[in-house]
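No value in this document is a laboratory result; all are computed from the given coordinates. This one's a predicted model, so the numbers in the text were calculated from it and none came from an experiment. Virtual Cβ from ideal backbone geometry, glycine too; neighbours counted across all protein chains shown.
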Amino acid sequence: MPKQTLTFESMGGLLGEELGVSSWIAVDQDMIDRFADTTQDRQWIHVDVDRARRESPFGTTIAHGYLTLSLIPVMSYEIGARPAGVAATLNYGLDKVRFLTPVRAGSRVRMRTRLLSFEPKGAGQFLMKSLNTIEIEGEEKPALIAETLALLIRDAAT
């Protein structure tokens with residue numbers, strides 16, 4: 001969780017600062033299989049446990065890169081890396097994503113978030129750019145690093 005309550009007025013002073021670190025999330029085979037079913041991406045390295053054990057350089061199945069990427073919102077909400085008084089948060093895009101280390105089935109991941117920019121985009125709207133690093137428990141290199149863009153719409157009452 002953030003060390004302090006974030007406000008629209010305080011965000012500019014936090015550029016370059018870490019906003020928080022999430023709890024660990026287990027990425028198990030069931031989660032990987034459900035993601036494969038949802039996306040129709042059933043490549044054997046993700047879903048065939050026996051074959052992955054025999055043939056994969058990782059010795060087991062691995063999570064889809066996009067599965068790991070899709071965990072960013074839930075970890076962001078937990079961290080609370082947005083100012084109080086937000087009526088809605090919309091995905092605005094990604095500036096850069098790098099998949100650095102595969103997430104093996106059964107691993108746990110967490111995210112560190114650093115604020116890169118926070119700029120007004122119109123009446124009651126702000127564009128927030130964050131650097132998100134998803135770490136794998138026990139691994140030296142992170143699973144991924146992503147620069148995310150979120151459009152924050154301020155509650156009219158604040």
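One table, with the values for the structure above:
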| quantity | calculated |
| --- | --- |
| Backbone N within segment 136-152 under 20 Å of label point (7 Å from TYR77 Cα along the Cβ vector) | 148-152 |
| Order of LEU15, LEU144 under a 10 Å beta carbon neighbour criterion, fewest first | LEU15, LEU144 |
| Overall Cα dimensions of segment 24-78 - principal axes, largest extent first, Å | 38, 23, 15 |
| Chymotrypsin sites (Phe, Trp or Tyr not before Pro) restricted to DSSP loop in segment 3-36 with at most 15 other C-beta within 10 Å | TRP24 |
| Inter-site label distance for SER10 and ARG34 at 7 Å from Cα along Cβ, in nm | 3.4 nm |
| Taking the chain and dividing mean pair separation by its residue count, relative contact order in percent (alpha carbons under 8 Å, at least six apart) | 28 percent |
| Inter-part distance where segment 106-130 and segment 29-65 are each reduced to a Cα centre, Å | 30 Å |
| Most to least packed among 41-47, 90-96 [average Cβ atoms within 10 Å] | 41-47, 90-96 |
| Gained length - VAL49 relative to TRP24, 0.36 nm times residue gap less alpha-carbon distance | 6.7 nm |
| Segment 8-158 - charge dipole about Cα centre, Lys and Arg +1 at Cβ, Asp and Glu -1, debye rounded to 20 | 200 debye |
| Whole-percent pair-distance distribution, where bins are 5 Å wide, for the alpha carbons of the chain | 2, 9, 17, 19, 17, 12, 9, 7, 4, 2, 1, 0 |
| Phi to ³J(HN,Hα) by Karplus 6.51 cos²θ - 1.76 cosθ + 1.60 over segment 122-127, Hz, x for Gly, Pro | x, 4, x, 10, 9, 9 |
| Among PRO73, PRO83, PRO57: highest mean-square fluctuation, GNM of the chain, C-alpha pairs under 10 Å | PRO57 |
| Whole-Hz couplings from phi, Karplus 6.51/-1.76/1.60, listed for segment 80-86; x for Gly and Pro | x, 7, 7, x, 5, x, 8 |
| Amide H contacts of ALA105 (H built 1.01 Å from N, under 5 Å, at least 5 apart or other chain) | THR61, ILE62, ALA63 |
| Angle between the chain longest axis and helix 29-39 axis [Cα atoms, degrees, rounded to 10] | 70 degrees |
| Amide H within-cut-off set for PHE8, under 5 Å, with H built and near neighbours excluded | ALA84 |
